[in-house]
1. Would you pick out the residues in region B:126-155 that are in a helix (DSSP H, G or I) and not hydrophobic (A, V, I, L, M, F, W, C)?
2. Any chance region A:98-107 includes a residue that's surrounded by fewer than 24 Cβ atoms within 10 Å (Cβ to Cβ) and either away from chain B (no Cβ under 14 Å) or among the polar types (S, T, N, Q) (or both)?
3. Condition test on B:GLU77, is it at positive phi and loosely packed, with under 15 Cβ neighbours inside 10 Å?
4. Consider B:ILE276 carefully, then state whether it is open to solvent by 50 Å² or more (accessible area, probe 1.4 Å), in a helix (DSSP H, G or I) and touching a Leu at 6+ places or on another chain (Cβ under 7 Å).
5. Test A:ALA226 against the criterion of being surrounded by fewer than 21 Cβ atoms within 10 Å (Cβ to Cβ), hydrophobic (A, V, I, L, M, F, W, C) and within 16 Å of ligand 2 (Cβ to nearest atom), and give yes or no.
6. What residue, of B:VAL304, B:VAL313, B:VAL308, is crowded, with 17+ Cβ neighbours inside 10 Å and either part of a helix (DSSP H, G or I) or touching a Lys or Arg at 6+ places or on another chain (Cβ under 8 Å) (or both)?
7. Among the residues of region A:242-256, which ones are open to solvent by 10 Å² or more (accessible area, probe 1.4 Å), touching a residue at least 12 places away in the same chain (Cβ under 8 Å) and more than 20 Å from A:ARG97 (Cα to Cα)?
8. For region A:201-242, which residues satisfy the criterion of being over 15 Å from A:GLU178 (Cα atoms) and more than 16 Å from ligand 1 (Cβ to nearest atom)?
Amino acid sequence: MDYEPSDVTVVDRKDEITSRIPRPAEAPAPASPPQQSSETPASGLERMHATRHIRLEDLHAYYGSNHAVKGVNLSFEPGKVTAIIGPSGCGKSTMVRCVNRMHEEIPGARSQGRVLLDDVDLRGPGVDVVAVRRFVGMVFQKANPFPTMSIFDNVAAGLRFTGTPRDEITDRVNAALEAAGLWDEVEGRLSEPGMSLSGGQQQRLCIARALAVEPAVLLMDEPCSALDPVATLKIEELIGQLKQRVTIAVVTHNMQQAGRVADTTAFMLSGELVEVGPTEKMFTNPDDERTEQYVTGKFG
Amino acid sequence: MTTDAATAPSSLLSGQGRGLVDRFGDRALYLITLLAAILSGVILGGITYEVFKLAGSAISKFGLGFLTTSNWDPVHEQFGAAQFIYGTAVSSFGALLIATPLSIAIALFLTELAPRRSRTPIAVLVELLAGVPSVILGLWGILVLGPFLNDTVEPALHAALGWIPLFGGTYSPVGLFPAMVILTIMTVPIVSSLTREVFATVPPSAKEGALALGGTRWDMMTTTVLPYSRPGIIAAVMLGLWRAVGEAIAVTQVIGGAPGIHANIFIPAQTMASQIAAQYQGASPLNQSALGYLAVVLLILSLVFNGVARLLVRGVQRRAKVS
Ligand SMILES: Nc1ncnc2c1ncn2[C@@H]1O[C@H](COP(=O)(O)OP(=O)(O)OP(=O)(O)O)[C@@H](O)[C@H]1O
Ligand SMILES: [Mg+2]
């Protein structure tokens, strides 16, 4: 599926984010006759809106008195993959969890600063957190499919949250499984439990689940750290294919992985952003000495 | 230490350097706890034996027909348990029908919704309710609850749902309905606190998954917490049922103790447990034996509910360990 900007029906959902309505309506196309969806089976991902720009401005995050992220300024560019590297505990997860506001789910956690999706501050007043998470999808370190659901229901779950019409769900689930590179492996067994898949398949199921709701941004927090090299490679290929449609940020401990998938790499150290730049440059000729030391394995 | 090389190992092995309590403490503790465990087994066995012995003559006289006939006639020494089984079944299931959704709601509120600071105090309050002696609850049932149900709730229910025979048009301050409400009050603390523990076994990563996908709190509960907890909730309800079926005192106080099987839950009835509690003193030998038979039925029911619940709980724990 090649990406052609002109083919994409850009659905502007900026209003949804700023409205407080907990269940934003889907793309406003109720007038379309029902048979249309069967004519274009892969309608799901083709309707995906254009990628968006994420900009963190002076972002701080705390766990109680622990200052975990200390004034980060960073952009996730549309059409590009941004890798976030840094030693364990430097605040990578905390930072990306601020983007979809999962950080605030942790008791005692708070944050400060701005997280801009294009020009809307996702942390601003009147912004509905549920809507934010529909724009900004997330894939976790450990695959976490819904434990009681079938493969199909796992992918359909997010669509059901948004009240997607029944007759659309099947097409969009299939399209999402296709996009996550899982379709060939699960075709014909969609009603089996999601937990019956292998670890790598479960992780791609989680990616499919996140893609099904057509997020503009996808945050991946060490998506491959529990996977073997083959499964890892599959997900890396997937990231390469998806980046045209979704703005992607990947947290990783694996330098080679950052080198393979990322256009831009950001290096963090004890809550601060040390340096960000083109991946190539970060690994060969970084400006900051600490980056140099980290990428060459001299510390961390 | 100036022990020579030859004596060192033997003195270490004999443990003579250690005091008496130190040497025998562990063994004594083991024996005491073993004894306690054996004793409780013996007591359970003894009780079962006694109950069956008491029930013996009624069992041989009435057989299984005892369970399906409903006349209880001490004068002509004819005994059948159907009306009490009916009373127990309706009061217990009715109570669980109200208590289950209520308990799930309380548990959800306390684990997912309530402000963190208020969770423990509210949980403690709910559990304190379980500490009210049942005879006091029964007294409250007689003095406050019964009249209130009779004057307000029963007429309202009849007006709204009177076409269902359960909500018939005759009211009484004592009867199955007050018994149900009392049993509800007694089972909610147990069922809700067990349910809360079950909810605590739901993997946080699964809940995060639902939220990160753009689920509301409600979505998270219905897609993750509740389905995952289902076996545990069933176990909690079974334990509640076990409590309700066996409760005698408070039920005796509010149920009215009248014979017969009536669809109308607003009028007096009787349960197995309350019949045993109310009639045993001064009954004729065969009558006592028939009460013993009731006790056998009650005991078997209790063991079944409890056993099933325990099996389910074990399943939940095993799964919680795996994930
Ligand atoms: N749930 C939490 N509660 C309290 N403190 C936390 C919590 N999660 C993380 N922290 C603290 O915040 C800081 C940053 O943690 P974070 O998880 O963001 O690091 P990370 O860069 O993702 O590390 P890793 O590479 O090991 O995943 C650490 O000091 C950590 O101890
Ligand atoms: Mg992390």
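1. The initial filter retains those residues of region B:126-155 that are in a helix (DSSP H, G or I), namely B:126-129, B:134-155.
B:GLU127, B:SER134, B:GLY138, B:GLY141, B:GLY146, B:PRO147, B:ASN150, B:ASP151, B:THR152, B:GLU154, B:PRO155 - these are the residues of region B:126-155 that are in a helix (DSSP H, G or I) and not hydrophobic (A, V, I, L, M, F, W, C).
2. Scanning region A:98-107 turns up no residue that is surrounded by fewer than 24 Cβ atoms within 10 Å (Cβ to Cβ) and either away from chain B (no Cβ under 14 Å) or among the polar types (S, T, N, Q) (or both).
3. Working: at positive phi: yes; loosely packed, with under 15 Cβ neighbours inside 10 Å: yes.
For B:GLU77, the condition - at positive phi and loosely packed, with under 15 Cβ neighbours inside 10 Å - is met.
4. On the way: open to solvent by 50 Å² or more (accessible area, probe 1.4 Å): no; in a helix (DSSP H, G or I): yes; touching a Leu at 6+ places or on another chain (Cβ under 7 Å): yes.
Answer is no for this residue.
5. Values: surrounded by fewer than 21 Cβ atoms within 10 Å (Cβ to Cβ): yes; hydrophobic (A, V, I, L, M, F, W, C): yes; within 16 Å of ligand 2 (Cβ to nearest atom): yes.
Spelling it out, A:ALA226 is indeed surrounded by fewer than 21 Cβ atoms within 10 Å (Cβ to Cβ), hydrophobic (A, V, I, L, M, F, W, C) and within 16 Å of ligand 2 (Cβ to nearest atom).
6. Values: B:VAL304 fails: crowded, with 17+ Cβ neighbours inside 10 Å; B:VAL308 fails: crowded, with 17+ Cβ neighbours inside 10 Å.
Just a single option satisfies the conditions, and that option is B:VAL313.
7. Taking region A:242-256 first, the residues open to solvent by 10 Å² or more (accessible area, probe 1.4 Å) are A:243-245, A:253-256.
If we keep only those that are touching a residue at least 12 places away in the same chain (Cβ under 8 Å) too, we end up with A:243-245, A:253-255.
Residues satisfying the conditions are A:GLN244, A:ARG245, A:MET255.
8. Of region A:201-242, the ones over 15 Å from A:GLU178 (Cα atoms) are A:215-233, A:236.
Hits for region A:201-242 are A:PRO215, A:ALA216, A:VAL217, A:LEU218, A:ASP228, A:PRO229, A:VAL230, A:ALA231, A:THR232, A:LEU233, A:GLU236.
The values are calculated or read from the model by the stated rules, or taken from the named source; none is laboratory data. Keep in mind the model is a prediction, meaning the values are calculated, not measured. Quick reminder, even Gly has a Cβ in these numbers, built from the backbone with ideal geometry, and neighbours come from all protein chains shown. Please note that ligands, DNA and RNA were not included when accessible areas were found on the heavy atoms of the full protein model with its side chains. Shrake-Rupley method; radii C 1.70, N 1.55, O 1.52, S 1.80 Å.
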